[in-house]
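Okay, structure first, notes after.
Please treat every number below as a calculation from the coordinates, not as lab data. It should be emphasised that the depicted structure is a prediction, and the values quoted were computed from it without experimental measurement. FYI the Cβ positions are ideal-geometry reconstructions off the backbone, even for glycines, and counts take in every protein chain you see.
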Amino acid sequence: MIRINLLPHREAAKKARREQFFVLGGLVAALGALMVFAGYSLIGNAIEDQVGRNDFLKQEIAALDKELDEIKRLKEQTQALLARKQVIENLQRDRGETVYLLSELVKQVPEGIYLKSLKQNGLSVNITGYAQSNARVSALMRNLEASPWLEQPRLIETKAVVLSGRRINEFGMNFVLTRAKPDDGKEKK
């Protein structure tokens, strides 16, 4: 029988497989390193893009905050202007009240009554004066109640005093001035 020694052939096959294993292992390691590098690069680029977007958004938010501050300032100015306009409208509406008050008082104060003081606080009016009798004070109250511009007369006090050697009644009274309605003012013109 012929004997063949296969050991060198087996050794060569083992060596070839070992070389193939190391080459494939190196290729796998290189491919793994390449994938890790690509992953880090992609993640780094994504982070840089997001940071850029965040910076852009911060700039836009800052610009919008400035615009909001401007809008808030404009709203405050608008409110201030509306308040001024309301004051002017109130003054315009109320400018004739004193005229109506004095005109109406001249019409409604009966003979024998002399007014000493007249104080107006808003729509509330306080008068003090002298009357020859309590009946004249009652007549004044009835006249004020019947007036279209004056209402709610309320007698505060009445007392007898001696003035210039004559006995007369001193009185104090409150009443309310009625505001003119816009339609009333147009109809009377």
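Between helix 7-94 and the chain there is an angle of about 10 degrees, using the helix long axis and the longest principal axis of the Cα atoms.
Taking all C-alpha pairs of the chain, those more than 30 Å from each other amount to 64 percent.
Just need log10 I(q)/I(0) for the range 97-188 at q = 0.11 Å⁻¹, Debye formula, equal scatterers on the alpha-carbon atoms, no solvent, rounded to two decimals. With no solvent term, the Cα-only Debye profile gives -0.32. In the chain, helices alone account for a calculated mean residue ellipticity at 222 nm of -23000 deg cm²/dmol, with every DSSP H run of four or more residues adding -39,500 (n - 2.57). Placing a pseudo-label 7 Å from each Cα along the Cα-to-Cβ vector at Ser41 and Gln77 gives an inter-label distance of 5.5 nm. Each Lys and Arg adds +1 at its Cβ and each Asp and Glu adds -1 at its Cβ; summed about the Cα centre, the chain shows a dipole of about 360 debye. With a cut-off of 11 Å between beta carbons, the residues surrounding Ile61 carry a summed charge of -2, where Lys and Arg count +1 and Asp and Glu -1. Here's the picture: charge each Lys and Arg Cβ at +1 and each Asp and Glu Cβ at -1 in the chain, and of Asn174, Ala30, Val137 the one pushed furthest to the positive end of that dipole is Ala30. Using alpha carbons only, the radius of gyration of the range 37-98 set against its Kirkwood radius gives Rg/Rh = 1.63.
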